[in-house]
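Novice: First the structure, then my questions, so here it is.
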Amino acid sequence: MSYPASRPRRLRRTPALRALVRETSLDAGDLIAPLFAKEGIDEPVAIASMPGQFQHTLESLRKEAVETAETGVRAFMLFGVPVRKDAEGSEAWNPSGIGQQAIAALRTEFGDDAVVMSDLCLDEYTDHGHCGVLTADGTDVDNDETLERYRRIAIAQAEAGAHLVGPSGMMDGQVATIRDALDGAGHTDVGIIAYAAKFASAFFGPFREAAECAPSFGDRTGYQQDPANTDEALREIRADIDEGADIVMVKPAVPYLDVVSRAKQETAVPLAAYHVSGEYSMLKAAAANGWLDERRSVLETLMSIRRAGADLILTYHAKDAAGWLASDRP
């Protein structure tokens, strides 16, 4: 009987052998933890559709960030949820607004020992839930008027202490506008992590509960990308790079791993992928029902995002995943 000369199983026999030839790594330092700060609450509020996640007070935000940092995750993306909302989202650039307070709280806690990022958008702050100010007839988002507000937000977030600002509204020209505003205000050292290819996805649903930002009419297909288009996604990514983005992002992650892979192959800047709320909630629900092993399925999912080419992963699993990775080390 003839037996195979090539036996790949030889290198799978033990954990040490598998680790020796592993092609892709996943570490706590690859992860970014998104956190929500809500104005006007006295204690954290559980997010029903995202088990284990909370709308935080400033103090609980600080505590959660410290606990997360102890696992090795040293980067945070902050979202503010204000009490007062208006048509243009003016609380987004209020120096005393909840978003700026959250940034300042983590900068005070960590200094430069962690990376504090801030989502730069208007949907959490507008009374209509869209990512920009509306046209005069109230039927669409006015791109250029929105950019003027983004300038104000960028400066406010930089002055509060953000290391990186994250424009997520998918407005044309948003990165160039924000870079110009930051530089003009003397914040040349503040970077931009651009939501460069953000798709009009069904997987954002739980986030809209967390950030209280569901649109009051219509949807976001007029400015977020069509899920069918990869060439367009690469054009958007290249445009943001040309406009001055320091890091580009694909959102969501797993349904768009082909975009992540192409972006990594065709660009030379750091690449992030956002493992979004719906992806998180599906894994949590399946685990709660005993259908999946949560630890294994989460780590496998995050590894798939890294394997596709993402340098960084924004994920609500960050703290748990980092803890599991640490416990796996010899």
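The values are calculated or read from the model by the stated rules, or taken from the named source; none is laboratory data. Keep in mind it's a predicted model, so treat the numbers as computed, not measured. Here the Cβ positions follow ideal geometry from the backbone for every residue, glycine too, while neighbour counts run over all protein chains shown. Heads up: the accessible areas ignore ligands, DNA and RNA and are worked out on the full protein's heavy atoms, side chains in. Shrake-Rupley method; radii C 1.70, N 1.55, O 1.52, S 1.80 Å.
Novice: Could you tell me which of the residues L61, L35 is surrounded by 20 or more Cβ atoms within 10 Å (Cβ to Cβ), in contact with a strand residue (DSSP E or B) (Cβ under 6 Å, 6 or more places away or on another chain) and part of a strand (DSSP E or B)?
Specialist: Values: L61 fails: part of a strand (DSSP E or B).
L35 is the lone residue from the list that is surrounded by 20 or more Cβ atoms within 10 Å (Cβ to Cβ), in contact with a strand residue (DSSP E or B) (Cβ under 6 Å, 6 or more places away or on another chain) and part of a strand (DSSP E or B).
Novice: List, please: which pairs have Cβ atoms under 6 Å, are six or more places apart or on different chains, and start with a residue in segment 276-305 that is farther than 18 Å from L26 by Cα and of a type in the set (S, T, Y) and end with one that is surrounded by 14 or more Cβ atoms within 10 Å (Cβ to Cβ) and at pLDDT below 95?
Specialist: As it stands, the answer is S277/P206; S277/F207; S281/P206, since those pairs meet every condition given.
Novice: Under 8 Å between Cβ atoms, at least 6 apart or on separate chains: pull out the pairs that start in segment 40-56 with a residue that is farther than 16 Å from Q101 by Cα and end on any residue that is among the basic types (K, R).
Specialist: V45/K38; M50/K284; P51/K284; G52/K284
Novice: Let me ask something else. Looking at (1) open to solvent by 10 Å² or more (accessible area, probe 1.4 Å); (2) farther than 23 Å from L312 by Cβ; (3) modelled with pLDDT under 95, find the lone condition where F203 falls short.
Specialist: Among (1) open to solvent by 10 Å² or more (accessible area, probe 1.4 Å); (2) farther than 23 Å from L312 by Cβ; (3) modelled with pLDDT under 95, the lone unmet condition for F203 is (2).
Novice: Which pairs turn up if I take residues in segment 221-243 that are of a type in the set (S, T, Y) and look for partners that are assigned to a loop (DSSP other than H, G, I, E, B) with beta carbon separation below 8 Å, at least 6 apart in sequence or on another chain?
Specialist: So the pair list comes out as T221/A200; Y223/C131; Y223/G132; Y223/G169; Y223/M170; Y223/M171.
Novice: Select from segment 247-262 the residues that are touching a Gly at 6+ places or on another chain (Cβ under 7 Å) and more than 13 Å from I313 (Cβ to Cβ) and list them in ascending order.
Specialist: If the condition is that a residue be touching a Gly at 6+ places or on another chain (Cβ under 7 Å) and more than 13 Å from I313 (Cβ to Cβ), then S261 is the only one that fits.
Novice: Filter segment 150-195 down to the residues that are polar (S, T, N, Q), outside any loop (DSSP other than H, G, I, E, B) and open to solvent by 20 Å² or more (accessible area, probe 1.4 Å) and list them by number.
Specialist: Hit for segment 150-195 is T177, nothing else.
Novice: Right, something else. For segment 81-91, state whether one or more residues are in a helix (DSSP H, G or I) and either among the polar types (S, T, N, Q) or in contact (Cβ under 8 Å) with a residue 40 or more places away in the chain (or both).
Specialist: Going through segment 81-91, the residues in a helix (DSSP H, G or I) turn out to be 90-91.
From what's left, either among the polar types (S, T, N, Q) or in contact (Cβ under 8 Å) with a residue 40 or more places away in the chain (or both): 90.
Yes, some residue in segment 81-91 is in a helix (DSSP H, G or I) and either among the polar types (S, T, N, Q) or in contact (Cβ under 8 Å) with a residue 40 or more places away in the chain (or both).
Novice: Under the condition of being among the hydrophobic types (A, V, I, L, M, F, W, C) and closer than 16 Å to A37 by Cβ, which residue from segment 64-74 is least open to solvent (accessible area, probe 1.4 Å)?
Specialist: A65
Novice: Among I305, I237, which is β-branched (V, I, T) and more than 30 Å from S327 (Cα to Cα)?
Specialist: Sole residue among the options that is β-branched (V, I, T) and more than 30 Å from S327 (Cα to Cα): I237.
Novice: So which pairs qualify, if the first residue must be in segment 17-33 and closer than 23 Å to L164 by Cα, the second must be among the charged types (D, E, K, R) and part of a helix (DSSP H, G or I), the Cβ gap must be under 6 Å, and the two must be at least 6 apart or on different chains?
Specialist: L26/R306
Novice: Looking at (1) without any contact (Cβ under 8 Å) to a residue 40 or more places away in the chain; (2) open to solvent by less than 70 Å² (accessible area, probe 1.4 Å), which one does A136 not meet, given that it meets all the others?
Specialist: Of (1) without any contact (Cβ under 8 Å) to a residue 40 or more places away in the chain; (2) open to solvent by less than 70 Å² (accessible area, probe 1.4 Å), only one is false for A136: (2).
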